[in-house]
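Undergrad: Sharing a structure with you now.
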Amino acid sequence: MAVETRDLTPRIGTELLTDAATLASGEHGTWARELLEQRGVLVVRGAFMTSEQQLAFSRSIGKVQPQGDGGVFKITIDPDVNPGAEYVKGAFFWHIDGATDDAPNLAATLNAQNLSKTGGNTHFANTYAAWDDLPDEDKAKYEGLRVVHSFETAQRYVNPEPTARELKFWQTRAPKVHPLVWNHKSGRKSLVLGSTADHIEGLDRAAGRMLLAKLREWATQPQFVYVHKWTEGDLLIWDNSGTMHRVDPYPLEENRLMHRTTIEAEEALA
Ligand SMILES: [Fe+2]
């Protein structure tokens, strides 16, 4: 049986009017994956998926990364639960996950376990739509530009005065150069931006950073953005190759906890 859907904004975000068991059956995986590429974000309100169901749905989309507990990773800023909690705060700024890897992961799911009373809304920007709407003369200028992405650059948003030890650790992850415009295998194009973007190769630093700031402003305009206000048990999946995201800051003591699965990259960023 077909799953009923409801678009949440014209350019990004679709709600699936279904339940955990239906998605976990894997029966709709191919359909959901195609819709995901078109809509950037899919949401099931109050799905209350178990970890097994979240993994089964994720496997119907692609190959699940072996991270966390059998593929389910706990997202929290509580250092007692997650030793890397400090890095989770990098998510408070627009970014693409894995932007300093060879290829950012294809998609990820979030399963709301515990919500904060304040903050914690997640914002997604459709970087396909942002590219599509650029004037043709700008598109011609941007094709061929290459951007240096760095973990250090992203971490400085969270911790602007690192110790030498912290800086040394950040710098163990080598910067990565990616094209500004991702030419996907499908033939579609998207912008590759976010907090890891440091400067544009071969361009004057100030001019390159000005362009990156202008493009972030462009790509995060309201018509390209869906803001998810979480309710208990929500399940959300986003296309990490055609969106960027950020979460509104939330306090540690409100114990916000998400279970996340990550679906591996299938195409190079080229
Ligand atoms: Fe993220």
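Undergrad: Among the residues in the range 175-189, are any within 15 Å of the ligand (Cβ to nearest atom), part of a loop (DSSP other than H, G, I, E, B) and surrounded by fewer than 21 Cβ atoms within 10 Å (Cβ to Cβ)?
TA: Checked against the condition, which is being within 15 Å of the ligand (Cβ to nearest atom), part of a loop (DSSP other than H, G, I, E, B) and surrounded by fewer than 21 Cβ atoms within 10 Å (Cβ to Cβ), the range 175-189 yields no hits at all.
Undergrad: Look at V247 and say whether it is within 16 Å of the chain's Cα centre (by Cα), within 12 Å of T122 (Cα to Cα) and either at pLDDT below 95 or surrounded by fewer than 21 Cβ atoms within 10 Å (Cβ to Cβ) (or both).
TA: no
Undergrad: Across the range 172-223, which residue is nearest to the chain's Cα centre (by Cα) among those that are small (G, A, S) and closer than 24 Å to L106 by Cβ?
TA: In the first step, residues of the range 172-223 are kept if they are small (G, A, S); the result is 174, 186-187, 190, 194-195, 197, 202, 206-208, 213, 219.
Within this subset, residues satisfying the condition of being closer than 24 Å to L106 by Cβ are 174, 186-187, 190, 194-195, 197, 219.
On the way: A174: 21, S186: 19, G187: 21, S190: 13, G194: 10, S195: 12, A197: 14, A219: 14 Å.
My answer is G194.
Undergrad: Then there is this: Kindly indicate the residue of the range 97-111 that is of a type in the set (A, V, I, L, M, F, W, C) and within 15 Å of the ligand (Cβ to nearest atom) and also farthest from L235 (Cα to Cα) among those meeting that condition.
TA: A99
Undergrad: Can you confirm whether the range 244-255 contains a residue that is of a type outside the set (A, V, I, L, M, F, W, C), closer than 17 Å to G40 by Cα and either within 16 Å of the ligand (Cβ to nearest atom) or assigned to a loop (DSSP other than H, G, I, E, B) (or both)?
TA: Within the range 244-255, the subset of a type outside the set (A, V, I, L, M, F, W, C) is 245-246, 248-251, 253-255.
Restricting the remaining residues to those that are closer than 17 Å to G40 by Cα gives 245-246.
Still in the running and either within 16 Å of the ligand (Cβ to nearest atom) or assigned to a loop (DSSP other than H, G, I, E, B) (or both): 245-246.
Yes: the range 244-255 contains one or more residues that are of a type outside the set (A, V, I, L, M, F, W, C), closer than 17 Å to G40 by Cα and either within 16 Å of the ligand (Cβ to nearest atom) or assigned to a loop (DSSP other than H, G, I, E, B) (or both).
Undergrad: Right, another one. Of all the residues that make up the range 1-55, how many are outside any helix (DSSP H, G or I), closer than 28 Å to P222 by Cα and not small (G, A, S)?
TA: Applying the first criterion (outside any helix (DSSP H, G or I)) to the range 1-55 yields 1-19, 25-28, 40-50.
Filter once more, keeping what is closer than 28 Å to P222 by Cα: 3-18, 40-47.
Narrowing the set further to residues that are not small (G, A, S) leaves 3-12, 14-18, 41-45.
Result for the range 1-55: 20.
Undergrad: While we're here: Restricting to the range 221-243, name every residue that is in contact with a His (Cβ under 8 Å, 6 or more places away or on another chain) and either assigned to a loop (DSSP other than H, G, I, E, B) or more than 16 Å from the ligand (Cβ to nearest atom) (or both).
TA: Across the range 221-243, the qualifying residues are D234, S241, G242.
Undergrad: If you don't mind, another one. Have a look at R165, R188 and point out the one that is modelled with pLDDT of 95 or more and under 17 Å from Y87 (Cα atoms). Give the steps one after another, and end with the answer.
TA: Numbers: R188 fails: under 17 Å from Y87 (Cα atoms).
Residue meeting the stated conditions: R165.
Undergrad: Under 7 Å between Cβ atoms, at least 6 apart or on separate chains: pull out the pairs that start in the range 245-270 with a residue that is closer than 15 Å to R59 by Cα and end on any residue that is part of a loop (DSSP other than H, G, I, E, B) and among the aliphatic types (A, V, I, L, M).
TA: Correct list of pairs: I263/L106; E264/L106; A265/A103; A265/L106; E266/L106.
Undergrad: For the range 256-270, which residues satisfy the criterion of being surrounded by 18 or more Cβ atoms within 10 Å (Cβ to Cβ), in a loop (DSSP other than H, G, I, E, B) and either within 14 Å of the ligand (Cβ to nearest atom) or over 14 Å from the mean Cα position of the chain (by Cα) (or both)?
TA: R256, L269
Undergrad: Additional query: Restricting the search to the range 44-80, which residues are touching a Gly at 6+ places or on another chain (Cβ under 7 Å) and either under 24 Å from A129 (Cα atoms) or of a type in the set (G, A, S) (or both)?
TA: The answer is G46, A47, A56, S60, I61.
Undergrad: Is one or more of the residues making up the range 130-147 within 16 Å of the ligand (Cβ to nearest atom) and either in a strand (DSSP E or B) or surrounded by 22 or more Cβ atoms within 10 Å (Cβ to Cβ) (or both)?
TA: Within the range 130-147, the subset within 16 Å of the ligand (Cβ to nearest atom) is none.
No, every residue in the range 130-147 fails to be within 16 Å of the ligand (Cβ to nearest atom) and either in a strand (DSSP E or B) or surrounded by 22 or more Cβ atoms within 10 Å (Cβ to Cβ) (or both).
Undergrad: Return the residues of the range 56-96 that are assigned to a helix (DSSP H, G or I), within 14 Å of the ligand (Cβ to nearest atom) and in contact with a strand residue (DSSP E or B) (Cβ under 8 Å, 6 or more places away or on another chain); say none if nothing qualifies.
TA: V88, A91, F92
Undergrad: Go through the range 49-84 and report how many residues are aromatic (F, W, Y) and out of contact with any helix residue (DSSP H, G or I) (no Cβ under 6 Å at 6 or more places or on another chain).
TA: 1
Undergrad: Read through the list (1) within 16 Å of the ligand (Cβ to nearest atom); (2) surrounded by 16 or more Cβ atoms within 10 Å (Cβ to Cβ), then give the number of the only condition that D198 fails.
TA: (1)
The values are calculated or read from the model by the stated rules, or taken from the named source; none is laboratory data. Quick caveat, the model's predicted, so the values are computed rather than measured. Glycine also receives a Cβ, built like all others from the backbone with ideal geometry; neighbour counts cover every protein chain displayed.
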